[in-house]
1. Does I44 qualify as being among the hydrophobic types (A, V, I, L, M, F, W, C), open to solvent by less than 20 Å² (accessible area, probe 1.4 Å) and touching a Phe, Trp or Tyr at 6+ places or on another chain (Cβ under 6 Å)?
2. Determine the pairs where a residue that is within 21 Å of M181 (Cα to Cα) and in a loop (DSSP other than H, G, I, E, B), located within segment 75-95, has a partner that is of a type in the set (D, E, K, R) and open to solvent by 20 Å² or more (accessible area, probe 1.4 Å) with Cβ atoms under 8 Å apart, the partner being 6 or more residues away or on another chain.
3. If you check every pair at least six apart or on different chains, which have Cβ atoms under 6 Å apart with a residue in segment 151-169 that is in a helix (DSSP H, G or I) first and a residue that is open to solvent by 50 Å² or more (accessible area, probe 1.4 Å) second?
4. For L29, which of the numbered conditions (1) in a helix (DSSP H, G or I); (2) touching a residue at least 40 places away in the same chain (Cβ under 8 Å); (3) hydrophobic (A, V, I, L, M, F, W, C); (4) under 28 Å from L169 (Cα atoms) fails to hold?
5. For K119, state whether it is open to solvent by 20 Å² or more (accessible area, probe 1.4 Å), assigned to a helix (DSSP H, G or I) and either under 21 Å from I57 (Cβ atoms) or in contact (Cβ under 8 Å) with a residue 24 or more places away in the chain (or both).
6. Among the residues of segment 56-72, which ones are part of a strand (DSSP E or B), open to solvent by 10 Å² or more (accessible area, probe 1.4 Å) and not aliphatic (A, V, I, L, M)?
Amino acid sequence: MGGDFQYKVDIFKYAEKHGLYFSKPFLDLFMQAKKVVFLKGEKIRFPYADVAHLIFIHKGAVLGILSHKGKTVYKTIKIASSIFLTDPKGFSKRKIDSNEWIAANKSELTAIPIGFLLKSLQSVEGAHDKLSAHIKKMIKTDYNLYREMIEQDSMHDKVGFLVKTYPSLFGKTRKYVANYMNVSQNGLSKAIKKWEGTNFGGKEDDENPR
């Protein structure tokens, strides 16, 4: 990370907001952290695929698809000033044996091996458990949001649900939002048009894609 002050500030602000700032371990974190950039459509991969990384997103967005035995357990779209774990084993109650993370926009990230980070936090009483609990809560929130979204009756209802719970999602690349919602880009466009007509006035689309 060298002298990239803004990236350090981004992480500091997130940690402080969530009660996760611990001075000494952060010195070690910045020594080990890697700043990486992925272009839109690239898979988020590192040289050592078997090492789970905790990722902080500075800019862009990332689509995550988490599966077990070929079936999707949940999907998530992570945006700027949020985090995700490339492999949630040990942090999720659900069985997950496959993780795919794709840059939905050009994304600037900071990555650190989660094992190293947790070990460094052992020098501060309670720090290890606080970070672990935060990661578990984040994963649970992502899972619940996705499951609630797909349980909506129609695409029109799905759009309305996400407008209320995750409005910033619609500023991301439509292709990846459609993937997250398990619909074609055309189907998503029609659903957005219908929802817009119903709630903001104007002519409604007669179709209600599902």
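1. Working: among the hydrophobic types (A, V, I, L, M, F, W, C): yes; open to solvent by less than 20 Å² (accessible area, probe 1.4 Å): yes; touching a Phe, Trp or Tyr at 6+ places or on another chain (Cβ under 6 Å): yes.
In short, yes.
2. A80/K59
3. Short answer, once both residue conditions are applied: M155/R210; H156/N208; K158/Q152; F161/Q152.
4. Result: L29 fails condition (4) only.
5. Working: open to solvent by 20 Å² or more (accessible area, probe 1.4 Å): yes; assigned to a helix (DSSP H, G or I): yes; either under 21 Å from I57 (Cβ atoms) or in contact (Cβ under 8 Å) with a residue 24 or more places away in the chain (or both): no.
Taking the combined requirement at face value, the residue does not satisfy it.
6. Start the filter on segment 56-72 by keeping residues that are part of a strand (DSSP E or B), which leaves 56-59, 61-68, 71-72.
Still in the running and open to solvent by 10 Å² or more (accessible area, probe 1.4 Å): 56, 58-59, 65, 67-68, 71-72.
Hits for segment 56-72 are F56, H58, K59, S67, H68, K71, T72.
The values are calculated or read from the model by the stated rules, or taken from the named source; none is laboratory data. Treat the numbers as computed from the prediction; the structure is a model and nothing was measured. Note that we place each Cβ from the backbone using ideal geometry, even for glycine, and neighbour counts take in every protein chain shown. Ligands, DNA and RNA are stripped out before the accessible areas are found, and what is left, the full protein with its side chains, is counted by its heavy atoms. Shrake-Rupley method; radii C 1.70, N 1.55, O 1.52, S 1.80 Å.
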